[in-house]
Amino acid sequence: MSLIVVGSMAFDAIETPFGKSDKIVGGAATYIAWCASNFTDVKQISVVGGDFPQEELNALAARNVSLEGVQIKKDEKSFFWSGRYHNDMNSRDTLVTELNVLGTFEPVVPESYQGSEFLMLGNLAPSVQLSVIKQLKQRPKFIAMDTMNFWMDIAMDDLKAVLKEVDILLVNDAEARQLSGEYSLVKAAHVIRNMGPKYLIIKKGEHGALLFQDNNVFFAPALPLEEVFDPTGAGDTFAAGFIAHIAKTKDVSFDNMKTAIIVGSAMASYCVEKFGTQRLREINKTDIEARLKEFVQLSSFDISLV
Ligand code: AMP
């Protein structure tokens with residue numbers, strides 16, 4: 001079992017109502033790799049500048065994350081993103097997006113990655129996501145895609161082209177509305193699934209997530225946490241938990257996706273407990289199992305219908 005991951009590896013600067021970080025390591029693919037490596041081998045595709053810390057790359061390699069597909073542009077700067085969260089910690093404003101190395105990124109899929117059964121297209125330019133799909137000699141069994149409003153604003157046509165190629169899209173509620181032009185999430189799901197993906201997950205931050213397929217809908221709650229420190233990367237971590245569970249079990253049934261969405265929610269609930277990737281670096285399999293049990297308790301109930 002192995003999972004190819006494509007996405008940004010970056011520096012982030014984050015402001016929340018409760019604190020502020022200096023430039024710390026972030027990026028969609030970084031969060032995905034930290035999370036998914038708990039469940040499966042990860043084959044990373046990304047690009048960084050000469051300023052990206054070698055220790056970070058070493059730490060990922062030590063977790064069985066293959067970095068053969070990560071280009072290092074020694075004389076250039078890594079992607080930089082800065083965001084400020086509102087008081088609700090659910091919504092945020094992007095303050096700065098400096099593409100730097102990402103602006104000219106041409107991914108190259110290493111030969112050793114060919115034949116991987118699962119592909120996670122993390123948040124990145126849709127043209128780059130598509131290039132990776134096109135380079136794979138054999139279509140993966142299951143392709144998941146994340147994206148964001150930034151790409152809807154500047155590259156909608158490219159984004160629609162990728163949508164035709166993927167099995168599942170993961171977006172938040174605002175992005176689902178922007179992409180579909182529909183306010184009702186049920187209508188939005190219908191419109192988006194007509195664009196290509198058979199499955200759709202709409203994330204609603206602290207209010208959980210919805211999984212859509214045909215006429216089936218499943219709801220996964222988010223764990224009510226006393227303190228949310230930094231929601232950055234929660235979406236990536238959620239996606240990573242979801243696809244990594246699917247990759248581990250090799251089961252793409254709707255029933256298994258229900259479990260996968262709970263795994264994603266559990267991993268995301270850890271992510272937000274500290275700034276950046278810090279919490280994800282600390283947790284182990286025992287922590288993950290404990291949190292999954294909390295989710296089972298949170299949402300299971302018996303009812304006798306007469
Ligand atoms: P999330 O909070 O899950 O939406 O992901 C936040 C991460 O996405 C941060 O670590 C950023 O570095 C990364 N990010 C933000 N904007 C972009 C973008 N336009 N392209 C790629 N990655 C991005």
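Within segment 141-150, which residues are of a type outside the set (A, V, I, L, M, F, W, C) and surrounded by fewer than 20 Cβ atoms within 10 Å (Cβ to Cβ)? Lay out the reasoning, then the answer.
To start, the set of residues in segment 141-150 that are of a type outside the set (A, V, I, L, M, F, W, C) comprises 141, 146-147, 149.
Result: K141, N149.
On the stretch given as segment 112-130, residues that are assigned to a helix (DSSP H, G or I), polar (S, T, N, Q) and either surrounded by fewer than 18 Cβ atoms within 10 Å (Cβ to Cβ) or more than 16 Å from the ligand (Cβ to nearest atom) (or both) total 2.
In segment 1-33, how many are in a strand (DSSP E or B), among the hydrophobic types (A, V, I, L, M, F, W, C) and within 12 Å of the ligand (Cβ to nearest atom)?
Taking segment 1-33 first, the residues in a strand (DSSP E or B) are 2-6, 10-16, 19-20, 24-26.
Restricting the remaining residues to those that are among the hydrophobic types (A, V, I, L, M, F, W, C) gives 3-6, 10-11, 13-14, 24-25.
Checking which are within 12 Å of the ligand (Cβ to nearest atom) leaves us with 6, 10-11, 13-14, 24-25.
Residues meeting the conditions: 7.
Hey, could you check segment 78-90 for residues that are touching a Pro at 6+ places or on another chain (Cβ under 8 Å) and open to solvent by less than 30 Å² (accessible area, probe 1.4 Å) and say which is nearest to the ligand (Cβ to nearest atom)? Here the answer is Y85. Regarding I154, is this residue within 25 Å of T249 (Cα to Cα) and among the hydrophobic types (A, V, I, L, M, F, W, C)? Answer is no for this residue.
Table: residues versus (1) closer than 24 Å to V6 by Cβ; (2) in contact (Cβ under 8 Å) with a residue 12 or more places away in the chain; (3) within 16 Å of the ligand (Cβ to nearest atom).
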| position | (1), (2), (3) |
| --- | --- |
| G241 | yes, yes, yes |
| K248 | yes, yes, no |
| D251 | yes, no, no |
| K258 | no, yes, no |
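You will find that of K187, K164, K198, K204, the residue that is out of contact with any Cys (no Cβ under 8 Å at 6 or more places or on another chain) and modelled with pLDDT under 95 is K204 and no other. Inside segment 34-62, can you point out the residues that are in a loop (DSSP other than H, G, I, E, B) and either modelled with pLDDT under 95 or within 16 Å of the ligand (Cβ to nearest atom) (or both)? Of everything in segment 34-62, those that are in a loop (DSSP other than H, G, I, E, B) and either modelled with pLDDT under 95 or within 16 Å of the ligand (Cβ to nearest atom) (or both) turn out to be D51, F52, P53.
Checked against (1) away from the ligand (no atom under 11 Å from the Cβ); (2) out of contact with any Asp or Glu (no Cβ under 8 Å at 6 or more places or on another chain); (3) without any contact (Cβ under 8 Å) to a residue 40 or more places away in the chain, D153 meets all criteria but (1). Looking across segment 224-275 at every residue that is under 17 Å from R291 (Cβ atoms) and more than 18 Å from the chain's Cα centre (by Cα), the one that is most open to solvent (accessible area, probe 1.4 Å) is identified as E226. Which one is farthest from D51 (Cα to Cα) among residues in segment 91-101 that are open to solvent by 20 Å² or more (accessible area, probe 1.4 Å) and not acidic (D, E)? The residue in question is S91.
Among the numbered conditions (1) under 20 Å from N172 (Cα atoms); (2) outside any strand (DSSP E or B); (3) within 11 Å of the ligand (Cβ to nearest atom), the only one that G103 does not meet is (1).
Kindly provide the set of residues from segment 276-298 that are within 17 Å of the chain's Cα centre (by Cα), touching a residue at least 60 places away in the same chain (Cβ under 8 Å) and buried (at least 16 other Cβ atoms within 10 Å of the Cβ), ordered by number.
First, the residues of segment 276-298 that are within 17 Å of the chain's Cα centre (by Cα): 276-281.
After this cut, where a residue has to be touching a residue at least 60 places away in the same chain (Cβ under 8 Å) as well, the list is 276-277, 280-281.
Correct list: G276, T277, L280.
Only a single item in (1) touching a helix residue (DSSP H, G or I) at 6+ places or on another chain (Cβ under 6 Å); (2) open to solvent by 50 Å² or more (accessible area, probe 1.4 Å); (3) more than 15 Å from the ligand (Cβ to nearest atom); (4) not in a loop (DSSP other than H, G, I, E, B) is not met by E165, and it is number (4).
The values are calculated or read from the model by the stated rules, or taken from the named source; none is laboratory data. Just so it is clear, the structure is predicted and the values come from calculations on it, not from any experiment. A quick note on method: Cβ atoms are made from the backbone with ideal geometry, for glycine too, and the neighbour counts reach across all protein chains shown. Accessible surface areas use protein heavy atoms only, side chains included; no ligands, DNA or RNA. Shrake-Rupley method; radii C 1.70, N 1.55, O 1.52, S 1.80 Å.
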